[in-house]
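Undergrad: Just dropping this structure here.
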Amino acid sequence: MREVLLAAAALLAIAVAVWQLESGTAGLEVRSGRVGPVPVTTFEPATPGPRPAVVVAHGFAGSQQLMQPFAVTLARNGYLAVTFDFPGHGRNPTPLRGGLADDAAASRTLLDALQAVIAFARELPRGDGRVALLGHSMAADIIARHAMAVDDIAATVAISLYSPGITADAPRNLLIIDGALEPSFLLEEGLRYLRMVGGSDAAPGITYGSIADGTARRLVLVDGAEHIAVLYSRQGLAEATAWLDQALGHAGRGHVEHRGPWLGLLFIGLILLARSLVRRLPPLSSGPRGSGLGRRRLYLVAVAPAILTPVLLWAVPLGLLPLLLGDYLAMHFALYGLLTGLGLHLAGAPVQWRAVLRLRPLLAAAAIAAVGIVVLGLAIDRYVTAFVPATGVRLSLLPVVLAGLLPFFVTDEWLTRGDAAPREAHVVSKLLLIASLALAVVLRPHELFFLAIIVPVMLVFFITYGLISRWSWRATREPLVAGLGNAVALAWGIAATFPVVAAP
């Protein structure tokens with residue numbers, strides 16, 4: 001009865017959350033299309049115009065879904081909001097030229113796409129010809145570069161901005177929004193831009209300069225928000241809308257999108273539903289399997305790969321795959337897993353692969369992967385960011401990424417399971433992996449900087465799929481089932497979201 005009640009509660013939570021999320025666009029006209037190869041979505045009030053347009057641009061490894069809170073908020077306040085997928089991102093089939101190797105080529109590709117969307121926004125039938133720009137992270141730099149090069153952008157809202165070329169009067173009327181928990185260098189850059197106009201004593205939350213002559217500057221620090229959460233902050237949404245209202249002489253309605261709690265409810269419901277599904281998997285062993293290592297020996301095996309992997313990969317060339325940083329992640333996970341496997345062998349607890357290479361365990365692993373990709377993935381694709389590989393290139397890269405991820409997930413599951421394994425082992429092993437990736441960024445900051453940005457996403461993945469792993473192990477008593485299934489789910493996510501690149 002308890003399981004039935006939990007499943008019913010999960011379905012109710014999902015239904016309520018989906019209803020609330022879908023009702024967010026009620027009364028708006030939402031249209032999808034393309035500007036050349038660039039996928040675009042327009043969010044328009046149903047009432048007639050003319051009205052200003054705001055082009056809303058996503059950051060690295062994101063997609064237009066990630067910017068929906070701003071698009072819906074702006075449309076409900078009377079703007080025409082236009083979101084789109086940059087080349088190499090989301091459902092845009094055009095690769096991002098240059099990648100990390102040639103910043104000039106990558107910037108040209110991104111700017112070309114932005115300029116095409118701006119031209120489209122100016123010609124919208126209900127528009128008045130005026131355009132403002134709003135962008136996050138990578139896109140904050142791109143929109144700032146465009147706005148500095150022209151004189152017809154009325155205002156720029158830059159979220160998590162780093163753009164060294166900014167001056168005291170370009171771009172016009174600049175609002176900077178940073179999460180208070182973002183890296184210190186971003187916060188320092190925000191203050192630097194502000195002090196160009198406000199002087200050395202300039203402080204966040206105060207507007208300096210003049211809207212009338214285009215020199216207005218304001219920095220907002222969003223309490224409790226990091227690089228991703230800042231996109232869902234009511235404070236950030238309200239500040240962006242108020243800034244555009246001032247710069248464009250527009251009277252908004254004070255609406256602020258509040259989808260964060262409903263997204264939370266949706267994913268809580270989906271995770272509870274996943275629990276009900278996973279716990280129905282049949283036992284595959286007469287007793288719980290795993291390395292069974294005690295705390296001391298287990299951590300001796302776990303710590304060494306975390307240190308050795310980034311050191312051994314320090315000089316390995318990148319750009320081996322047309323998936324930005326996908327090659328490094330695949331190599332890191334693969335080497336980390338192989339070193340863990342070696343440690344298990346030396347500790348007398350080698351991974352017993354043969355037990356899982358049979359039909360029933362493989363079917364159970366497929367079920368785990370389906371839970372991650374279908375149950376959770378479709379909701380991610382609809383409400384968070386692109387999670388469905390939209391091009392043949394992405395699908396073709398999936399097996400390659402999976403081959404890299406499998407050694408880690410399989411050996412890690414075996415290491416942290418078993419009768420004698422400490423309860424915290426699974427959590428600590430994932431924290432060690434995060435620390436290992438952080439060390440890799442320290443060793444190769446220019447090439448791997450963007451890995452630091454996705455750390456919060458990796459933490460959410462490990463928490464969510466760690467729960468699925470635990471439920472799977474309790475049901476099947478076979479740790480390699482979750483190892484295989486979760487490797488497929490993360491490989492899918494990387495292949496679907498990381499930017500596809502091409503040589504310049």
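Undergrad: With Leu114, Leu134 as the choices, which residue is out of contact with any Pro (no Cβ under 6 Å at 6 or more places or on another chain), open to solvent by less than 50 Å² (accessible area, probe 1.4 Å), more than 24 Å from Arg195 (Cβ to Cβ) and modelled with pLDDT of 95 or more?
TA: When all the criteria are applied, what remains is Leu114.
Undergrad: Somewhere in the stretch 70-85, is a residue open to solvent by 10 Å² or more (accessible area, probe 1.4 Å), out of contact with any Cys (no Cβ under 6 Å at 6 or more places or on another chain) and closer than 26 Å to Gly24 by Cα?
TA: Checked against the condition, which is being open to solvent by 10 Å² or more (accessible area, probe 1.4 Å), out of contact with any Cys (no Cβ under 6 Å at 6 or more places or on another chain) and closer than 26 Å to Gly24 by Cα, the stretch 70-85 yields at least one hit.
Undergrad: Going through Glu29, Glu3, Glu44 one at a time, which residue ends up being part of a strand (DSSP E or B), out of contact with any Leu (no Cβ under 9 Å at 6 or more places or on another chain) and more than 21 Å from Ala386 (Cβ to Cβ)?
TA: So the residue among Glu29, Glu3, Glu44 that is part of a strand (DSSP E or B), out of contact with any Leu (no Cβ under 9 Å at 6 or more places or on another chain) and more than 21 Å from Ala386 (Cβ to Cβ) is Glu29.
Undergrad: Now a separate question. Within the stretch 211-232, is there a residue that is under 23 Å from Leu111 (Cβ atoms) and either surrounded by fewer than 17 Cβ atoms within 10 Å (Cβ to Cβ) or of a type in the set (S, T, N, Q) (or both)?
TA: No, because not a single residue in the stretch 211-232 is under 23 Å from Leu111 (Cβ atoms) and either surrounded by fewer than 17 Cβ atoms within 10 Å (Cβ to Cβ) or of a type in the set (S, T, N, Q) (or both).
Undergrad: Touching a helix residue (DSSP H, G or I) at 6+ places or on another chain (Cβ under 6 Å), open to solvent by 10 Å² or more (accessible area, probe 1.4 Å), assigned to a helix (DSSP H, G or I) and within 16 Å of Val384 (Cα to Cα), is that true of Trp471?
TA: No; evaluated as a whole, the condition is false for this residue.
Undergrad: To continue, here is another question. Looking at Val388, Val375, Val384, Val351, which is the one that is more than 27 Å from the chain's Cα centre (by Cα), among the hydrophobic types (A, V, I, L, M, F, W, C) and open to solvent by 20 Å² or more (accessible area, probe 1.4 Å)?
TA: Unique residue meeting the criteria: Val351.
Undergrad: Given the criterion in contact (Cβ under 8 Å) with a residue 60 or more places away in the chain, of a type in the set (A, V, I, L, M) and assigned to a loop (DSSP other than H, G, I, E, B), identify the matching residue among Leu293, Leu277, Leu272.
TA: Leu293
Undergrad: Please pick out the residue among Leu480, Leu484 that is within 26 Å of Gly290 (Cα to Cα) and open to solvent by less than 10 Å² (accessible area, probe 1.4 Å).
TA: Matching residue, one of Leu480, Leu484: Leu480.
Undergrad: Can you say whether Val157 is closer than 23 Å to Asp245 by Cα, assigned to a strand (DSSP E or B) and not aromatic (Phe, Trp, Tyr), as far as the supplied structure shows?
TA: Against the criterion (closer than 23 Å to Asp245 by Cα, assigned to a strand (DSSP E or B) and not aromatic (Phe, Trp, Tyr)), Val157 qualifies.
The values are calculated or read from the model by the stated rules, or taken from the named source; none is laboratory data. Only a predicted model underlies this, so the values are computations on that prediction, with no experimental measurement involved. Neighbour counts run over all protein chains shown; Cβ positions are idealised from the backbone, glycine included. Accessible surface areas use protein heavy atoms only, side chains included; no ligands, DNA or RNA. Shrake-Rupley method; radii C 1.70, N 1.55, O 1.52, S 1.80 Å.
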